[in-house]
Amino acid sequence: MTAVAAPGLSSASVREALSEVADPEIPVVSIIDLGMVEQITVGANAIHVVLLPTFVGCPALDVIRSAVETRLLEFDRPLDVRFTYRVPWTSERITPEGREKLRRSGFAPPARARHDAPILVQLSAPVRCPSCGSNRTVLESAFGPTQCRAIYYCAACRQPFEAFKPI
Amino acid sequence: MTVAAIPTIALDGLLRSMADDEFVIGFSDSEWTGIAPILEEDVAMSSLAQDELGHATALFGLLGELLGEDPNAIAYDRQPEHYRHCRLLDHARGDWAMTIARRYLYDSADAVRLDALAGGSWAPLSDLVAKLIREERYHLMHVGVWLNRLAHHDGEARTRLLVALRELRPDAATVFTPLPHEDTLIEAGILEAPMSELERRWRETIGPVFADLDLPMPPAATELDRGRLDHREAFRWLWGEFTSVRRSEPGATW
């Protein structure tokens with residue numbers, strides 16, 4: 001992430017504010033935790049925020065844009081909030097704090113995304129059960145209730161759980 | 001490279017073919033919502049549908065920007081004969097084997113097409129393509145597992161798969177219908193190779209898979225120049241479905 005500051009308002013303050021903008025589908029993590037904020041530029045006349053969609057078809061993009069705009073209203077400057085594909089979002093962008101928050105709320109964080117390996121190999125890598133910590137888990141389906149999640153089953157505590165897809 | 005440097009008509013042909021492909025297969029996938037054979041597949045097909053409609057939205061967005069038109073109007077307000085998806089996607093939903101056969105043929109072809117667009121000179125498209133490739137890998141993986149499962153299962157599953165592949169044979173390669181002004185796209189560095197070359201690469205990719213599963217390879221296409229025209233009755237029905245709400249109140253703001 002890059003940040004360019006201008007006198008009077010620091011991009012760090014903007015970033016701090018954005019760390020309170022929750023993901024609409026998993027509100028325990030913020031858009032900062034998910035690594036969706038690519039660039040914050042505090043210009044003389046406007047605050048520019050560049051965001052990365054996690055999935056192209058994510059239905060929450062408009063909600064996220066509007067939440068960002070609402071949160072930044074307090075800075076009383078014109079806002080320019082946009083999404084870009086210039087940098088592809090990958091699950092590697094989720095911060096260590098974000099991974100921990102996901103785990104605590106019952107979602108296994110994504111396995112390491114390796115773009116040279118077949119998807120099935122990546123999904124078959126051991127995923128730790130977020131409830132009991134066991135590695136005796138198995139992929140049930142690569143597709144879950146949202147585009148970014150897959151469904152696993154833990155043989156140790158006999159619970160199904162969701163994991164973020166490596167992408 | 002700026003848009004101004006590339007004839008709009010060439011980009012229009014490319015974007016329209018890709019957007020319509022993703023749009024139509026997305027709606028076909030969504031036909032399984034609520035009626036798939038197992039719950040996980042119901043969720044999976046719905047998720048695939050959501051991905052594809054999202055991809056179509058992004059592609060229609062680029063096309064809308066290029067033409068200065070409303071992307072929703074391009075997506076919904078054309079008559080069925082003006083859509084430019086490939087004829088492979090014109091067949092009725094059919095059974096599960098038909099869905100898997102069609103999707104495998106499409107996803108494997110789409111992967112080759114996307115590879116030929118990645119790193120292209122027009123950033124709005126090549127940036128999007130880089131992202132699409134990451135998502136489409138999941139689709140190909142999923143449908144590949146199903147193709148294996150059906151092909152290896154002697155009896156009804158394999159028989160139905162063979163019947164589906166036979167029905168799709170004439171249209172199997174239509175993703176690679178030559179584009180209008182294809183040469184312009186190649187000269188501009190947007191598309192890496194002509195569709196005929198991409199079809200060759202596709203056959204190289206799926207050849208070993210079909211051989212391993214003892215499935216008949218799709219034959220070389222005939223009348224490939226009409227591969228995105230002459231849409232079948234099944235598409236007219238699907239078009240009637242996916243435009244029904246939009247047509248119920250023309251000009252409304254939704």
Practice problem: Can you check what the net charge comes to around A:ALA156, using other residues whose Cβ is under 11 Å from the Cβ of A:ALA156 (Lys, Arg +1; Asp, Glu -1)? | Solution: +3
Quiz prompt | Computed [θ] at 222 nm, deg cm²/dmol, the protein assembly as shown (DSSP H ≥ 4; -39,500 (n - 2.57); rounded to nearest 500) | solution = -15000 deg cm²/dmol
Quiz item: Could you state the principal axis extents of the C-alpha atoms in segment B:7-248, from the largest down, to the nearest angstrom?
Solution: 53, 44, 32
Exercise. Apply the Debye scattering formula to segment A:94-157, with a single equal point scatterer on each alpha-carbon and no solvent, then give log10 I(q)/I(0) at q = 0.28 Å⁻¹.
Key: -1.41
Self-check item: Shielding by partners, peptide B:128-141 (average Cβ within 10 angstrom, other chains)
Solution: 5
Quiz item: Where does the charge balance sit around A:LEU72 when Lys and Arg score +1, Asp and Glu -1, over other residues with C-beta under 13 Å from its C-beta?
Solution: -2
Quiz item: What size of dipole, in debye to the nearest 20, comes out for segment B:7-248 about its Cα centre when the only charges are +1 on Lys and Arg C-beta atoms and -1 on Asp and Glu C-beta atoms?
Solution: 360
Quiz prompt | Within-13-Å neighbourhood charge of A:ALA46 [Cβ basis; K, R +1; D, E -1] | solution = -1
Quiz item: Which whole number of Å³ per residue matches the convex hull of the alpha-carbon atoms in the protein assembly as shown?
Solution: 154
Exercise. Sort the following peptides by mean Cβ neighbour count (other Cβ atoms within 10 Å, averaged over residues), highest first: B:62-74, A:20-32.
Key: A:20-32, B:62-74
Self-check item: Cβ-isolated cysteines (cut-off 4.7 Å), the protein assembly as shown
Solution: A:CYS58, A:CYS148, B:CYS86
Quiz item: Under unit Cβ charges (Lys, Arg +1; Asp, Glu -1), what dipole magnitude, rounded to 20 debye, does the protein assembly as shown have relative to its Cα centre?
Solution: 1100
Quiz item: Per 5 Å bin from zero, what fraction in whole % of the C-alpha pairs of chain A is there, up to the bin with the longest pair?
Solution: 1, 9, 17, 19, 17, 13, 9, 7, 4, 2, 1, 0
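Coordinate-derived values only; no laboratory data. Source: prediction; values computed, not measured. Don't worry about glycine lacking a Cβ; one is built from the backbone with ideal geometry, like all the others, and counts go over all protein chains shown.
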